[in-house]
Amino acid sequence: MDSYKSRPSLQQYADKFNIMIVGDIGVGKTQLLTKYGVVDDSAFPSSKSVIPNSHGVKQYNKEFEYENKIFLFKIWDMVYKDKFDKSAKVFYKKADFIILVCAINNRNSFLNLNKWIEDVKLNTSFNFSNMALISNKTDLIDEREVGLNEIRQKAEELEIDYFETSSNTGEGIKEAFDKIFLSIINTVYKQPQEQFETDDKQNVKDKNDDSSCSSCIIF
Ligand SMILES: Nc1nc2c(ncn2[C@@H]2O[C@H](COP(=O)(O)OP(=O)(O)O)[C@@H](O)[C@H]2O)c(=O)[nH]1
Ligand SMILES: [Mg+2]
């Protein structure tokens, strides 16, 4: 297991990104993250996240290496609610990317994607290309309630990437998250000199320096 001492300090990350994973309860969101090897935030003090339990959101972290740089992905997962409450809407606003999840053996979880998308629309000023769709539990093929074509069609309508996974067997998980992370890096990450050249230096500082935040939620 990695020791904390071997982890980069916050300043050493090339960049940090916030991802929110949403979908009906029971579709396997938490299991997907665990299988991908995320680190529980409480065991990752350098991320300095302080999210009160009352928000019903738990943060996981994943370091991701690309082109000799290390990026930190903070992933927000719902703990117990099937909807974010009003106070947790702040997470939508801070997200760089949203992962929608349904399960192939649960038709309602597929139909409810529209509600989640509506939530995203209402609470973000968001470019829809910053989303991906995962349908999980592909090992339960005999219980399939959602056709492959209709899920694919949904992703095509939204013009977002679509992945099939099983947290049970692990199939598809690494491919899905690796591709999502790469697309975030390629679309959101700016080279350091570009950042330096912008007039928006304060924003860059705020993004990289969590200690500047005095509220109870530190992103
Ligand atoms: N068969 C099967 N079960 C799964 C899979 N993913 C999650 N589960 C089970 O589904 C239940 C809900 O998973 P969980 O990750 O807690 O769902 P969440 O509410 O979306 O976070 C648990 O009992 C998991 O073991 C999968 O891919 N295949
Ligand atoms: Mg969960």
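Past 18 Å, Cα to Cα: identify those pairs from K137/K174; K115/K137; K16/K62; K35/K115, in the order given.
On the way: K137/K174 15 Å; K115/K137 21 Å; K16/K62 10 Å; K35/K115 26 Å.
Exceeds cut-off: K115/K137; K35/K115.
Compute the FRET efficiency between K93 and Y66 as 1/(1 + (r/R0)^6), taking r as their Cβ-Cβ distance and R0 = 30 Å, and round to the nearest 0.05. Present the calculation step by step, with values, prior to reporting the outcome.
Numbers: r = 26 Å, r/R0 = 0.87.
E(calc), rounded to 0.05, equals 0.70.
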Can you work out the FRET efficiency for the pair L182 and D142, with r the C-beta to C-beta distance and R0 = 45 Å, to the nearest 0.05? 0.85
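Each reported figure results from applying straightforward, stated rules to the coordinates on display, with no laboratory input. These numbers were taken from a predicted model, which means no experiment stands behind them. Note that we place each Cβ from the backbone using ideal geometry, even for glycine, and neighbour counts take in every protein chain shown.
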